[in-house]
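S.K.: One structure follows; several queries about it will come next.
The values are calculated or read from the model by the stated rules, or taken from the named source; none is laboratory data. This structure is a prediction, so every number in the text was calculated from the model and none was measured. Every residue, glycine among them, receives a Cβ derived from its backbone with ideal geometry; neighbour counts consider all protein chains shown.
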Amino acid sequence: MILSIKTDQNNPILRQKAKEVKEINAEIKQLALDMVKTLKANNGLGLAAPQVGQSLRLITVKPEPDKEALVLINPRIKKASRKKTIIEEGCLSLPNTFRPVERPEKITLEALDINNHPVKMKVKGLLARTIQHEIDHLDGLLIVDKKQ
Ligand code: ZN
């Protein structure tokens with residue numbers, strides 16, 4: 001099912017800290033699957049559960065434009081490079097809004113995959129940026145909240 005994306009930046013669900021996923025059950029798996037479909041349908045790079053009205057720590061990101069989306073549950077940034085870059089970002093929740101955002105260029109990340117297996121990833125460039133953008137959503141932060 002393709003889900004509807006919350007595009008009102010004052011919607012409380014976009015502004016609150018999302019809860020940890022306690023158990024990766026059938027409901028969570030269905031949500032993840034629907035989010036992957038929704039991301040694809042909207043031609044986006046990443047999507048966080050609060051954007052579809054679920055205040056849960058679950059994100060999906062495209063590792064590369066023509067690759068299948070990854071699902072990351074309870075993602076945590078363990079390390080971030082000192083080197084930062086500033087690139088203009090957009091957001092499916094803020095249509096027609098683009099803002100330059102400064103972020104570390106590389107991150108080390110831990111999460112769970114959809115099968116409850118721990119994942120550790122070292123990522124850089126656009127994927128590192130997308131993951132940080134989606135984790136911001138889990139903390140109730142939008143690109144309009146980042147300091148310029
Ligand atoms: Zn966004």
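S.K.: Test of understanding: among E105, E110, which residue is more than 18 Å from A69 (Cα to Cα), acidic (D, E) and away from the ligand (no atom under 11 Å from the Cβ)?
M.R.: Just one listed residue meets the conditions, E105.
S.K.: Does T60 meet the test of being in a strand (DSSP E or B), touching a Gly at 6+ places or on another chain (Cβ under 7 Å), modelled with pLDDT of 95 or more and hydroxyl-bearing (S, T, Y)?
M.R.: yes
S.K.: If you don't mind, another one. Could you tell me which of the residues K67, K40, K84 is surrounded by fewer than 15 Cβ atoms within 10 Å (Cβ to Cβ), over 21 Å from L141 (Cβ atoms) and not hydrophobic (A, V, I, L, M, F, W, C)?
M.R.: K67
S.K.: Given the condition polar (S, T, N, Q), away from the ligand (no atom under 16 Å from the Cβ) and assigned to a loop (DSSP other than H, G, I, E, B), answer yes or no: does some residue in region 17-26 qualify?
M.R.: Yes, there is a match, as at least one residue in region 17-26 is polar (S, T, N, Q), away from the ligand (no atom under 16 Å from the Cβ) and assigned to a loop (DSSP other than H, G, I, E, B).
S.K.: From the list I114, I131, which residue is in contact (Cβ under 8 Å) with a residue 60 or more places away in the chain, crowded, with 19+ Cβ neighbours inside 10 Å and among the hydrophobic types (A, V, I, L, M, F, W, C)?
M.R.: Going through I114, I131 in turn, just one is in contact (Cβ under 8 Å) with a residue 60 or more places away in the chain, crowded, with 19+ Cβ neighbours inside 10 Å and among the hydrophobic types (A, V, I, L, M, F, W, C): I131.
Conditions tested, residue by residue: (1) outside any loop (DSSP other than H, G, I, E, B); (2) touching a Phe, Trp or Tyr at 6+ places or on another chain (Cβ under 7 Å); (3) acidic (D, E).
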| residue | (1), (2), (3) |
| --- | --- |
| K29 | yes, no, no |
| A32 | yes, no, no |
| V36 | yes, no, no |
| E64 | no, no, yes |
| N74 | yes, no, no |
| I86 | yes, no, no |
| L94 | no, no, no |
| I114 | no, no, no |
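S.K.: Follow-up. Quick check on region 124-138. Is at least one of its residues aliphatic (A, V, I, L, M) and in a strand (DSSP E or B)?
M.R.: no
S.K.: Now for a separate question. So which of I13, I77 ends up being away from the ligand (no atom under 16 Å from the Cβ) and either closer than 19 Å to Q132 by Cβ or more than 14 Å from the chain's Cα centre (by Cα) (or both)?
M.R.: I77
S.K.: Also, I was wondering about something else. Of the residues R99, R129, R82, which is among the charged types (D, E, K, R), within 13 Å of the ligand (Cβ to nearest atom) and over 29 Å from I28 (Cα atoms)?
M.R.: After applying the criteria, what remains is R99.
S.K.: Now, a different point. Can you tell me which of (1) closer than 22 Å to L39 by Cα; (2) at pLDDT 95 or above is the one N96 doesn't meet?
M.R.: (2) is the only condition that N96 fails.
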